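Enquirer: Mind looking over this structure? Questions follow.
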Amino acid sequence: MTRAPRTPSFGTAPRASPVRAGSSPALQYPAQPMTQTACRFCGASVDGVFADLGSSPLANSYLPPERVNAMEPFYPLRALVCGRCFLVQLEQFETPQRIFSDYAYFSSYSTSWLEHARAYAEQMTERLSLDGDSHVVEIASNDGYLLQFFHQRQIPVLGIEPAANVAKVALQKGIPTLVEFFGQETARSLAQESAADLLLGNNVLAHVPDLNDFVAGMKILLAPGGVITMEFPHLIRLIEDNQWDTIYHEHFSYFSFLTVSRVFEAHGLRLYDVQELPTHGGSLRVFGAHADDAERPETDAARELRERERAAGFERIDTYLGYGRRVQEDKRRILSFLIDLKAQGLRVAGYGAPAKGNTLLNYCGIRTDFLDFTCDLNPHKQGHFLPGSHIPIRSPDAIREERPDVVLILPWNLTQEIVQQLSFVREWGGRFAARTPELTLLS
Ligand SMILES: [Zn+2]
């Protein structure tokens with residue numbers, strides 16, 4: 001894979017801009033910047049640009065106060081699309097070790113996500129008749145937020161989690177957790193003793209740099225007759241609901257069901273069922289089995305979704321190449337919206353400090369000139385500053401103290417939950433704004 005130089009850059013490099021009539025040809029930029037890299041899955045040369053979001057720091061590198069004046073590395077944030085397998089993907093500029101080693105995201109801080117995990121454990125225990133003789137393995141098990149629900153049912157579990165700080169929290173809860181990146185090597189070391197009857201991963205497949213090694217590892221670790229479930233944001237939702245802010249450096253791949261099915265097939269696995277979930281703005285939960293597992297025939301849902309994606313043009317390159325213009329239009333609309341609020345003299349605070357918020361703020365160039373501060377329930381983020389924009393992160397109590405006129409909800413997938421938590425904002429006439437997908441004041 002071609003790697004760009006790791007020199008930090010500041011601000012945004014010159015990008016494609018409409019060329020005015022009569023301007024010198026020497027000053028013209030190509031309409032689509034050309035690039036050359038190998039597809040993360042099929043190895044074909046990838047040069048189609050899906051969305052170019054300029055330059056951004058790593059979305060999860062929150063800054064402690066003592067580093068706020070230090071140099072900060074920025075990397076190009078540009079999603080490409082493969083013309084052969086239609087995998088939408090990012091080029092990689094940093095090692096996974098650096099990206100994920102001190103990951104600040106603790107799953108247990110979102111109550112709706114915890115409920116999602118509880119319901120999943122209940123559903124899968126029933127669907128697969130799991131009991132004390134079964135073995136459930138979760139890849140990227142975070143702080144044990146999900147495995148705890150199997151553990152409570154006396155079903156043996158194992159978590160695999162590369163971030164040592166979050167794995168430690170899982171161990172304290174009594175969830176056996178291996179601090180490692182998952183791939184074929186880890187799978188081989190575990191397969192003998194710990195083959196998985198249920199092998200799951202939520203929001204990890206999209207974050208895997210070596211996609212083929214990861215899926216090949218799942219093939220090795222899956223017990224005969226076992227089931228894989230993986231959840232990840234659905235590319236249809238990203239395109240149709242204009243969720244370009246879910247593009248960030250840690251999120252390497254953006255899947256349609258058609259493309260992810262091809263990835264699993266290439267490794268002797270078969271996706272036989274799928275559920276469309278509302279989580280993260282619209283995710284897929286795919287169900288996989290060994291390719292030769294005759295007990296698990298393809299469901300109507302799987303067939304229907306593949307047909308729907310084909311009809312929506314997900315096997316035509318033009319569907320992907322036209323997306324970038326919509327992103328640019330949305331940036332202009334977001335800035336107009338905020339300029340309008342500030343022109344009215346309103347005070348705007350953010351809520352949440354998710355990766356998607358950092359993409360939005362950095363791509364649009366929003367700093368404390370628009371958002372006084374943001375806040376987050378996660379105490380590991382409080383007292384830090386958002387990467388790039390350097391907006392301070394405070395405790396949610398700051399909303400009550402500062403009484404902003406507008407609260408801009410950055411994790412728009414949790415809008416309902418947050419509006420409920422912060423209903424007291426209405427006591428002083430405060431209002432909420434969120435992307436729905438257009439940024440708008442909520443009524
Ligand atoms: Zn490809």
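Enquirer: Taking the Cα atoms of the chain, report the difference between the largest and smallest coordinate on each principal axis, in whole Å and largest first.
Expert: 64, 55, 41
Enquirer: Which of the listed residues, TYR323, ALA311, ALA119, is farthest toward the dipole's positive end in the chain, when Lys, Arg count +1 and Asp, Glu count -1 at the beta-carbon?
Expert: Going by the Cα projections, it comes out as TYR323.
Enquirer: Relative to the longest principal axis of the C-alpha atoms of the chain, give the angle of the C-alpha long axis of helix 211-221, reported between 0 and 90° and rounded to the nearest 10°.
Expert: 30 degrees
Enquirer: Between beta-carbons, use under 9 Å as the cut-off and find the net charge around LEU258, counting Lys and Arg +1, Asp and Glu -1.
Expert: Taking every Cβ under 9 Å from that of LEU258, the sum is +1.
Enquirer: Between ASN69 and ALA119, what FRET efficiency comes out of the Förster formula 1/(1 + (r/R0)^6) with R0 = 41 Å and r the beta carbon distance, rounded to 0.05?
Expert: 0.35
Enquirer: How much of the accessible area of the chain, probe 1.4 Å, is carbon plus sulfur, in whole percent?
Expert: Whole-percent figure for carbon plus sulfur exposure: 51.
Enquirer: Just tell me which lysines come within less than 25 Å, Cα to Cα, of LYS381; anything on the same chain fewer than 8 places away is out.
Expert: Leaving aside lysines fewer than 8 places away in the same chain, those within reach of LYS381 are LYS168, LYS173, LYS356.
Enquirer: Let me ask another. Going by amide H atoms built from the backbone, whose H comes under 5 Å of the H on CYS375, apart from near neighbours?
Expert: Those lying under 5 Å, H to H, from CYS375 are GLY350, TYR351, GLY352, ARG394.
Enquirer: Under unit Cβ charges (Lys, Arg +1; Asp, Glu -1), what dipole magnitude, rounded to 20 debye, does the chain have relative to its Cα centre?
Expert: Magnitude of the dipole: close to 1400 debye.
Enquirer: Hey, got the dipole for segment 127-215? About the Cα centre, +1 on K and R Cβ, -1 on D and E Cβ, debye to the nearest 20?
Expert: Once rounded to the nearest 20, the dipole reads 280 debye.
Enquirer: When only C-alpha pairs under 8 Å and at least 6 residues apart count, what is the relative contact order of segment 210-297, in percent?
Expert: So the answer I get is 38 percent.
Enquirer: Still on this model: Mind checking which of ALA311, ALA223, ALA163 has the largest fluctuation in a GNM of the chain, springs on alpha carbons under 10 Å?
Expert: ALA311
Enquirer: May I pose another question? What distance in nm separates the simple spin-label points at SER112 and ASP405, each placed 7 Å from Cα in the Cβ direction?
Expert: Output for this residue pair reads 2.7 nm.
Enquirer: OK, next. Tally the DSSP beta bridges in the chain and give the antiparallel ones as a percent, rounded to 5.
Expert: Here the antiparallel bridges make up roughly 55 percent for the chain.
Enquirer: Could you tell me the convex hull volume per residue, in Å³, taken over the Cα atoms of segment 154-230?
Expert: Per-residue hull volume (Cα only) is 97 Å³.
Enquirer: Just how large is the dipole of segment 261-346 about the Cα centre, in debye to the nearest 20, putting +1 at every Lys and Arg Cβ and -1 at every Asp and Glu Cβ?
Expert: With only Lys, Arg, Asp and Glu charged at Cβ, the dipole is about 680 debye.
Enquirer: Please determine, in degrees from 0 to 90 and to the nearest 10, the orientation of helix 355-364 with respect to the longest principal axis defined by the Cα atoms of the chain, where the helix direction is its Cα long axis.
Expert: Relative to the chain, helix 355-364 is tipped by roughly 30 degrees.
Enquirer: Another one. Picking from PHE287, GLY388, TYR62, whose Cα lies most toward the positive end of the charge dipole for the chain (charges on Cβ: Lys, Arg +1; Asp, Glu -1)?
Expert: Value: GLY388.
Enquirer: Work out from phi, with θ = phi - 60° and the Karplus expression 6.51 cos²θ - 1.76 cosθ + 1.60, the ³J(HN,Hα) of each residue of segment 392-400, listed in order in whole Hz, and give x for Gly and Pro.
Expert: x, 9, 10, 6, x, 4, 4, 5, 5
Enquirer: May I pose another question? Would you mind getting me the FRET efficiency between LEU335 and ARG84? Use the beta-carbon distance for r and R0 = 51 Å, nearest 0.05.
Expert: Given R0 = 51 Å and the Cβ-Cβ separation, E is 0.90.
Enquirer: What is the pair-distance distribution P(r) of segment 149-282, computed from all Cα-Cα distances in 5 Å bins starting at 0, with each bin given as a whole percent?
Expert: 2, 9, 17, 22, 20, 17, 10, 3, 0
Enquirer: Determine, for each peptide in 60-70, 241-251, the mean count of other beta carbons within 10 angstrom over its residues, then list the peptides with the highest first.
Expert: 241-251, 60-70
Enquirer: Given 20 °C and 1.002 mPa s, compute D for segment 283-416 with the Stokes-Einstein relation, Rh being the Kirkwood radius over Cα pairs; round to the nearest whole µm²/s.
Expert: The Stokes-Einstein estimate is 118 µm²/s.
Enquirer: What does segment 280-334 give for Rg and for Dmax, in Å, if only its C-alpha atoms count?
Expert: For segment 280-334, the Cα radius of gyration and maximum Cα-Cα distance read 16.9, 52 Å.
Enquirer: Per 5 Å bin, what is the whole-percent P(r) computed from every C-alpha pair distance within segment 101-200?
Expert: Taking all Cα pairs of segment 101-200, the binned fractions are 2, 14, 25, 25, 20, 11, 3, 0 percent.
Enquirer: Please turn the phi angles of segment 253-261 into ³J(HN,Hα) values with the Karplus equation 6.51 cos²θ - 1.76 cosθ + 1.60 (θ = phi - 60°), one per residue in order, whole Hz, x for glycine and proline.
Expert: Going residue by residue, I get 10, 10, 9, 8, 5, 4, 6, 5, 4 Hz, with x marking Gly and Pro.
Enquirer: To continue, here is another question. What residues qualify as long-range amide H neighbours of SER56, i.e. H under 5 Å apart, gap of 5 or more or another chain, H built at 1.01 Å from N?
Expert: For SER56, the qualifying residues are TYR75, LEU77.
Enquirer: Output needed: percent of Cα pairs per 10 Å distance bin for segment 149-189, bins running from 0 to the one holding the longest distance.
Expert: 29, 47, 24
Enquirer: Going by the alpha-carbon gyration tensor, a ≥ b ≥ c the square roots of its eigenvalues, is segment 211-362 rounded (a/c under 1.5) or, if a/c is not under 1.5, prolate (a/b greater than b/c) versus oblate?
Expert: Taking the square roots of the gyration eigenvalues as a ≥ b ≥ c, segment 211-362 is prolate.
Enquirer: Taking a probe of 1.4 Å, how large is the accessible area per residue of segment 338-443, in Å²?
Expert: For segment 338-443, the solvent-accessible area averages 41 Å² per residue.
Enquirer: Let me ask something else. Specify the angular offset, from 0 to 90 degrees and rounded to the nearest 10, of the alpha carbon long axis of helix 184-194 from the longest principal axis of the alpha carbons in the chain.
Expert: Approximately 40 degrees, to the nearest 10.
The values are calculated or read from the model by the stated rules, or taken from the named source; none is laboratory data. Being a predicted model, the structure only gives us computed values, none of them experimental. Please note: Cβ atoms are built from the backbone with ideal geometry, for glycine as well, and neighbour counts cover all protein chains shown. In case anyone asks, the SASA skips ligands and DNA or RNA and just uses the protein heavy atoms, side chains included. Shrake-Rupley method; radii C 1.70, N 1.55, O 1.52, S 1.80 Å.
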